[in-house]
Structure formats: C-alpha cells, structure tokens
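All of the numbers you see were taken from the coordinates with simple rules; none came from a lab. What you see is a predicted model; the values in this text were computed from it and never measured. Virtual Cβ from ideal backbone geometry, glycine too; neighbours counted across all protein chains shown.
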Amino acid sequence: MIVELGHFALVLAFLVCLVQTVLPMWGARIGDTRLMCVGEPAALAQFGLLIVAFAALTHAYVTSDFSVANVYANSHSEKPLIYRISGVWGNHEGSMLLWVLILALFGAAVAAFGTNLPETLRANVLSVQASIALAFLLFILLTSNPFLRLDPVPADGRGLNPILQDPALAFHPPFLYAGYVGFSMAYSFAIAGLIEGRTDAAWARWVRPWTLAAWMCLTVGIAMGSWWAYYELGWGGWWFWDPVENASFMPWLAGTALLHSAVVMEKREALKVWTILLAILTFSLSLMGAFLVRSGVLSSVHAFAVDPERGVFILAIMMVFIGGALTLYAWRAPSLRQGGIFAPISREGGLVLNNVLLTTATGTVLIGTLYPLALESINGAKISVGPPYFNSTFVPLMVPLLLALPFGPLMGWKRGDIHAALQRLWVAGLLAICAIVAVFAVVQRGPWLAPFAMALGVWVIAGAISELLVRVRAGNADSAEVFRRLRNLPRSVYGTTVAHAGVGVMVLGITATSAWQSEKILTMRPGETADIAGYALTFKGVAPDNGPNYREVVGVVSVTRGGQSVVDLAPSKRQYSAPPQATSEAGIYVALLGDLYVVLGDEAGDGAYAVRMYFNPLVRLIWIGTIIMFIGGALSLSDRRLRVGAPRRARRRGPAAVPAE
Amino acid sequence: MIEKSARAILVVLSLIVASAAAYAVQPNEVLPDPALEARARGLSANLRCLVCQNQSIDDSDAPLARDLRLLVRERLVAGDSDAEVTRFLVARYGEFVLLRPPLGWHTLMLWLTPVLLLMLAAGGIGWRLVKARGQHIAPAQSPLTADEQARLASLMKDTTSRN
C-alpha cells in the first residue's frame, strides 16, 4: 500500500511539474501575475510529493519488502540498516529518484527564499527548473520505475554490491547529486535571463550562492569518492582518471570557473555573455555525467544500468536541454549589453586567466574521456586514454593557475599594479624558495620536480594568507587596529583566503604522495618482520572472523618504531555472501607525516601470506585540503551579502518600502 | 558476430574483475634487481589491463594483467630496452594496450585540443583588447552610458528599498 502511495505521488509530481513548466512562464510572457504565482505552490507541492515517493521507497528498503522488484534486485535482509537505507540510491532507479528529489529541493528553495527576485525572473526560473524535473520524471516513470511489484514474492533479495557497502560511499551519491543538480539553478537562471534578455549584476548576485552551494556539495562528494577509493580499493591510489570520476570532475572544474566569473559579473557587470554560457555548460556537463554513468556507455563499477533504452532516453533529454539552451544563447546573447572595460592586468584579468585555464582543463578532460568512444565509432580503432594522458595535459594547465592564484585577489579592479602585488607577495615567495631548499635537503630521492611542486603549494597557501594580511594592513597598524579590521572584514574575504589556502594544502598532499610513496610487496610467514619508512612491521598470523553479512580473514600486523610499539593493524580479506564477492580492507595507521597502509594478499601456503605495505606521505592533506576548500565556501556563503536566507529580512521590511501591487 | 559476443564476454568479465578487490603485483613477480623492477613499474603504469576498465596492469589482479606483468619483466631480463618492450606489446595487442596514446594522425585532435583551446581563448581575448584599445580606462571616471546609469539607478533603488 505504501509503495502504491509512493508510485501515485510520483505520478502526481509529474503532473504538478507539467503545470509548473507551462503556467508561470506563460504568465511571465503575457504579464499575468496570477499565472506566475502558480510557480511557488507548485514547486513546494512537487517537492512534497517527491518526499512522499522517496520515503515510500526508503520504507520498502528498510522493511525489506521484496515484493518490490527494485528492493529485490538491490537489497538483502541481512544487510545492516545503514546500507539498507543507502541501498535506496545505490542502484539506477533509486538514484534517479534521488536526483529529481534534489532537483525539486532546489526549486522549492527558490520558491521559499526567492521572494526578492523580480516576479517574471522567478516565474521563468521555476518553469525552467520544473521542465528539467519533468523530463527526468518521465524518464523514471517510463524506463526506470522503482515501484514495480513482483509476483510471486521472492524469499530474499539479491543484495547490494559489497564494495558499495561502506560509510563513505553510502553518502557519496547524495552529495554528488546535490552538486550536479545544484548547477541546474545556474542553468535555470541563465535560461530565464536569456528569455528576459536581461542579465545584470543583480542576476549574478542571485546565481552565486546557489552555484557556491552546489560547488561545495560536489567538492565533498568527489572527495568522499576519492577517499573511499583510497582505503577500499587496496593499493592506496586516490584518483584514477576513470571516465566516471571525470564525469563528476568536469562539472566541478566548470563550476569553479563559473564561481569566479560570476564575481566579475556581479562586481563589474563584465563577462556577462561568457558567464551565461558557462552556467549553461556547467549544467550540461552534469547532464552529460548522468548520461555517461547511467547509460552504460562506459561500463565500470558505477554503471549499474547497461540498458540502451535508458541511454537513448537520457541522450534525448541531454540534447533537448543542451541544444535548446545553446540555441537560445546563440539567438539572445548578442543582445545582452556588455559592460565594464578593464585592463589585462587587473582583478578581472586575473579572473579571466582563471577561467581560460579552468575551461581549457575541462575541455581537456572532456576530450580525453570521449575520444576513445568517438574514435571507435568513427573508424573502429580502439585506443586507451588513461592517467598518463591526463597527467601530462592537466598538470601543465594547473601550474600557471596556481602560480597566478595569489596575484588575483591582490590586484585592483579595472587596473591592477603587478609590481605592488609582487611586493606584497615577497614573503610568500621567500617561503616557497625556502620550501624548495628544505625539501631538497630533507628528501634526497624522487623526481626532481617534486620540491618545486611542494613550493607551489606553499606559495598558494602563503599567498592566500598574505592577501588577508595586506587587507588589514598588518605591519602598518597597531594590533588593536588590525584586530578591529580583521573583525570587520566581510566573511566572503575569509572565504576566498580559506578556500585558496585549501587548494595549496591539497597540492602539498598530491605532490608528496605521488612523488615519495614507498612500497614493499613480500610474502611473510608468521613472526617475520619487514621495514618500511622507519617502521618495523611484524606479521603475527591471521584469524577468521564473521560480520553481519560476510566472513573474513583478519591479519595481525604489529608495528614498532625504534623498538617502541606503535599500533596493531588488522588488514582483512572479506567474503560476502549476497552477492558472493571478495573485498579487501586495508589496515591504515595515520602518522603525522603520512599513512602506513597495509593490505593482506593471498595465502602462499604454510600460514604465509602475501603482504603489501605502503607509506603514503602527507596523503591526508588531499582530503584535508578539500575540507578546507569546503569551509571556505561555507564562510563565503554565510556572508550577509550572499546568504540564501537574507531575503527573509527583506520581506519584513518589504511592505513599508514597496507599495502594494 | 563472434567479435561482438567476445566483446560482451569481455564486458561481463571486466565487471567481475572491476568489482573484486584489486591486489595487483604479487610478491613472487618482483624482480630481484631493483633497477629493473623500477623500470618494469614505470612501463606498467602506461600499460592497460586489457580486460579491465581503465586500470593499469599494476592495479589489476586479473590473470591477463599478471601475464602482461610477467611478460614485461621477462623482456626486461632478456635485455630489451623500454621502447622495445612497448613496441613488442603494441605489436601483440595493438595500441589499445597503451594508456598514453602515441601522437599520430588519429590522435592528433586528442593531443592538440588543449593547445587549440588555449589559442582560441588567447585569440578571443586579444581581439577584445584590440577592440577596446580605443576606449579609455579611467578608474576615477564612470564608464557607464546614460542608459546604463539609469538602469543602475533603478537597480540601486531596488536594492536599497529591499535591504
């Protein structure tokens, strides 16, 4: 019954979407306020209905209702509760439902908080947003309905892929989708702006918080996926340039560019036409990501659906929304007025450089991901484009970006002074040079470029902090004055500093672990000891153990350093029952300078086992850096100027200032 | 037809392989000579496990990946140079085995795209700069036209009445 209720709510949501797509936009066209007003209640109703549908499916998963085909195919009664819940989106149908739910959440947020938007803009935005939901709801109802029943009811389910049964991966998709779908706001605003032929600084101010929120979610989502790969896949890699990873990375790169170009548009009314295009492209890349992953074009762990019918449907959705948007853009963009002239050396110039490099990087990842598919369909030639290609094209694009990064915020708008910026950055430059010398002195192995890359990280961090210090004129004023200024700085300034410093921290982590990872692969008998990175690891043997839905062999490895006991690690090999599959769980010890990472391999007879041990220096900085970037985004979002909730204050005062309409 | 079904089997195989835990290099494969082993690793990073999704042979526990790892080491021990090993593998398995596609006519667009995009951007910006050269950039002076001023004023009124 509850399942049918969910199904019914899903169909109703589709109908509400239909109304929300047509009426507000039509109202905006003919200037009818009553029609435009349909948008808000419809957006809220659509969100409410989708919550009902999602809750119904979750209920079926939690209670292991195997009469639902989707639950049968992806769940199992022995699964722990958290994975029965995460199982809802751990499959194609459920993840699409989550996708539209988040889409509706953003639409409802515009309806609830967008009260200070001009009436027609809000109506158009809500209509465009609903049209996206409409397409995806149709897709779910026609090709991927999660509410279909089975008769007779099977005794138990087939279970969820065990490598998806993991805390980080359980919450990786919701964040990722919040990011992907969050960019739909930028898209909807771009389309609405093009329809109205009016985009200005105010438009950018409305778009920026949504983009920032989406960017933050995507950052966390990607970081979680990479963190999961690091400890679960068993060899300490954290990024593989896998097509599915690229599918999430491209919207992130484009979204990062969009965040920066929207600043120029907001502050200086420049780069309008470009910012609109970037908004369209960012969400288009999100749609393409959905297509690549959902259609099974690239089969990998993530591509649960190998079904051409669905692929063709999503391809059609993609073509309508990307093609339609670009056509509208080509038609209306020339009429948008360009403003704000600036010199090449200026804050705007810096942000343009940022955009050029980030979009080129996006284009490079795009072509690298699609090239093998395209080439094979053109002349049947099969080639592989793997990590070596991406490393040798992406990294050279990031180096100038990181070199230039500290200059940007120190430049004035319109016309900057590069000499003044250089003078303010001398401390950062000095620290970077010290870093090169220090790294060469301390680590006397590895690639010769690595110390320079470390220096780049230091340069970015120190440069970000310098900017803050320059702003409060530390050094030229007494400390009380400096503290007063620090207090009065807008949060968005802190946001910039923190996010940029996070990038630097991440660069340090990536460089250190890529350049100086140490590795030992050997067969160990119980009682044998091996040394790695100053630690002595003694293999004590293995012991069997049982989990809720798996059996495992747990190795005991005790770690000492200089005769002192450090930790006992327990790397294990698991055998899941439903579906039958083996996974390995690494034993990880987190030291100050890096991770000691031990993996248990196959048995080699006589109680001996293959053991892999790695020392990954500073690897945690990669994820700490992304968390810092997230915090930077959050600081910026909490700035009074940008706060999503700020309009609520305005509404209280509204009636006094604005006469009744 | 045969090729098609073979590919279908490969897809199924790769799904199984990709979802199992990856164990990669086994202790008994490692060469006693560290210099040769380092070269083997360097080569492996650029060699694709043919039945996997985008995994190098070092990262995969598929039997075929193991065969390739052993083959690479066999050739190195026999005295082949890195280039000779790569050539040997390409002759045997095709370019598909290389994770870094070599520059050729069929990969020209792949390698040129980053450069072309940068040139396009530089060209676009250069064109805008030339076009804007006549216009005076004065920080103290308002560059807005009367029309824009009016709109700005209405916008400011909008904002102030709302805050």
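Points worth noting:
- Segment A:410-517: C-alpha gyration tensor shape, a/c 1.5 cut-off, then a/b vs b/c: prolate
- Chain A - mean residue ellipticity at 222 nm from DSSP helices (-39,500 (n - 2.57) per run, n ≥ 4, rounded to 500): -21500 deg cm²/dmol
- Summing Lys and Arg as +1 and Asp and Glu as -1 over all other residues whose Cβ lies under 14 Å from the Cβ of B:LEU76 gives a net charge of -1.
- Close amide H partners of A:ARG149, meaning residues 5 or more places away or on another chain with modelled amide H under 5 Å apart, are A:ALA69.
- Separation of alpha-carbon centers, segment A:417-432 and segment A:13-57, rounded to whole Å: 53
- Residue-wise HN-Hα coupling along segment A:142-152, computed from phi with Karplus coefficients 6.51, -1.76, 1.60 (Hz; x: Gly, Pro): 8, 10, 9, 6, x, 9, 5, 9, 10, 9, x
- Cα gyration tensor, segment A:516-638 - rounded (a/c under 1.5), prolate or oblate: oblate
- Legend: mean number of C-beta atoms from other chains within 10 angstrom of residue C-beta atoms, peptide A:605-616, equals 1.
- Annotation: amide H of A:LEU271 within the under-5 Å range of A:GLY339, sequence separation 5 or more or interchain, hydrogens built in the peptide plane.
- Inter-label distance for B:TRP105 and B:GLU148, nm, one decimal - labels placed 7 Å from Cα along Cα-to-Cβ: 5.0
- For the peptide B:41-50, the mean number of other protein chain Cβ atoms found within 10 angstrom of a residue's Cβ is 2.
- Across segment A:498-514, rounded Karplus estimates of 3J(HN,Hα) from the backbone phi angles (6.51 cos²θ - 1.76 cosθ + 1.60, θ = phi - 60°) give 5, 5, 5, 4, x, 4, x, 4, 5, 4, 4, x, 4, 4, 4, 6, 6 Hz, Gly and Pro being marked x.
- DSSP-assigned coil residues among trypsin sites (Lys or Arg not before Pro) in segment A:133-233, each with at most 16 further Cβ atoms within 10 Å: A:ARG158
- Across peptide A:100-106, the average count of Cβ atoms from other chains found within 10 Å of a residue's Cβ is 0.
- Annotation: amide H-H contacts under 5 Å for A:GLY541 (H modelled 1.01 Å from N, sequence separation of 5 or more, or interchain): A:GLY527, A:VAL556.
- Across segment B:52-58, rounded Karplus estimates of 3J(HN,Hα) from the backbone phi angles (6.51 cos²θ - 1.76 cosθ + 1.60, θ = phi - 60°) give 10, 8, 6, 10, 7, 5, 6 Hz, Gly and Pro being marked x.
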